[in-house]
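Each remark here refers to the structure printed beneath this line.
What follows draws every value from the coordinates through simple rules; no lab data is involved. In this text, all values refer to a predicted model and were calculated from it rather than measured experimentally. All Cβ positions, even for glycine, are placed from backbone atoms using ideal geometry, and neighbour counts span all protein chains on display.
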Amino acid sequence: MTKNQILYNELRQFVDKQKVREYDNEFFAQKSLTYKFLIPYFNKYMNLELVRDKMTEPKAQAHLTDQLNKFRSSDTKAMREINKAKGIARHIDKKFLFKNSDGKSDLSKYKE
């Protein structure tokens, strides 16, 4: 049994009785179970903040904590800005101001 299935089984007891069938169908219809799917999926059927303390399986608690950490760190504005900045060219790679067409500067870097 995978970690996601252990987590699914552990959290199934906290789902409302009328929504258990829908909970099962939606989980097994998903091909890849990533944190981007799991956290909103579990939040749809229960309040994870309240349920997290009531869980008894330590493996499920650890996996839920890992998934929550990934979800929270990837969803922050700071991480989006960092990822956007990775694609920006460095100043030394740009050809402007004091560089010739061959990319080398006329000015020496160090005074002699």
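A few comments on the model shown:
- For region 27-53, backbone nitrogen atoms closer than 17 Å to the point 7 Å from Gln18 Cα along Cα-to-C-beta are found at 44-47.
- Residues Leu64, Leu33, Leu50, ranked from the fewest to the most other C-beta atoms within 10 Å, line up as Leu50, Leu33, Leu64.
- Compared with the alpha-carbon gap, the fully stretched path from Glu26 to Met79 is longer by 16.1 nm at 0.36 nm per residue.
- Links that overshoot a 30 Å alpha carbon limit, given the list Lys31/Lys54; Lys19/Lys59; Lys44/Lys70; Lys54/Lys84: Lys54/Lys84
- Note that region 3-85 shows a convex hull volume over its alpha carbon atoms of 100 Å³ per residue.
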